[in-house]
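Visitor: Just passing along the structure, written as structure tokens.
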């Protein structure tokens with residue numbers, strides 16, 4: 001079963017998203033990616049995750065969120081093993097909210 005989640009980040013902010021892994025007994029040898037899609041289902045952002053023990057941490061950096069227009073996108077996460085097997089893990093809404101503060105520098 002694929003978990004559905006809602007991720008909301010202000011434009012220009014950074015965040016960390018941790019996902020629990022299900023459906024496999026070990027994550028040894030796996031890599032992970034998060035794909036963010038626009039309304040046309042075109043991947044506009046790919047974030048590599050750091051695989052831990054039955055979890056993946058995705059670091060969403062401010063450069064990623066600055067490059068996106070405020071709005072609602074879809075995302076999905078996938079695990080890959082060395083035998084080219086793909087395991088879909090999560091999906092949901094990836095929201096970029098407007099920010100009204102300017103960078104002080």
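The values are calculated or read from the model by the stated rules, or taken from the named source; none is laboratory data. This is a predicted model, so every value here is computed, not measured. Please note: Cβ atoms are built from the backbone with ideal geometry, for glycine as well, and neighbour counts cover all protein chains shown.
Visitor: May I ask you to list pairs of residues, at least six apart or on different chains, whose Cβ atoms are under 6 Å apart, with the first in region 82-96 being more than 30 Å from residue 10 (Cα to Cα) and the second being surrounded by 16 or more Cβ atoms within 10 Å (Cβ to Cβ)?
Guide: 86/78
Visitor: What tally of residues in region 25-75 results from selecting those that are in a strand (DSSP E or B) and touching a residue at least 40 places away in the same chain (Cβ under 8 Å)?
Guide: In the first step, residues of region 25-75 are kept if they are in a strand (DSSP E or B); the result is 31-37, 43-51, 55-60, 71-75.
With touching a residue at least 40 places away in the same chain (Cβ under 8 Å) added as a condition, the list becomes 31-36, 57-60, 75.
Selection size over region 25-75: 11.
Visitor: Could I ask something else about it? For region 65-88, check the following and say yes or no: at least one residue is more than 29 Å from residue 26 (Cβ to Cβ) and out of contact with any strand residue (DSSP E or B) (no Cβ under 9 Å at 6 or more places or on another chain).
Guide: Yes - at least one qualifying residue is present in region 65-88.
Visitor: Sticking with this one: Tell me which residues, restricted to region 84-105, are at pLDDT 80 or above and either over 20 Å from the mean Cα position of the chain (by Cα) or farther than 23 Å from residue 34 by Cα (or both).
Guide: 84, 99
Visitor: Looking at region 1-14, which of its residues are part of a loop (DSSP other than H, G, I, E, B), in contact with a strand residue (DSSP E or B) (Cβ under 9 Å, 6 or more places away or on another chain) and surrounded by fewer than 15 Cβ atoms within 10 Å (Cβ to Cβ)?
Guide: 2, 14
Visitor: Something else: So in region 15-34, with the set limited to residues that are surrounded by 18 or more Cβ atoms within 10 Å (Cβ to Cβ) and over 16 Å from residue 84 (Cβ atoms), which one is modelled with the highest pLDDT?
Guide: 34
Visitor: Can you find even one residue in region 74-81 that is loosely packed, with under 13 Cβ neighbours inside 10 Å and modelled with pLDDT of 90 or more? Working first, answer last.
Guide: Of region 74-81, the ones loosely packed, with under 13 Cβ neighbours inside 10 Å are none.
No: region 74-81 contains no residue that is loosely packed, with under 13 Cβ neighbours inside 10 Å and modelled with pLDDT of 90 or more.
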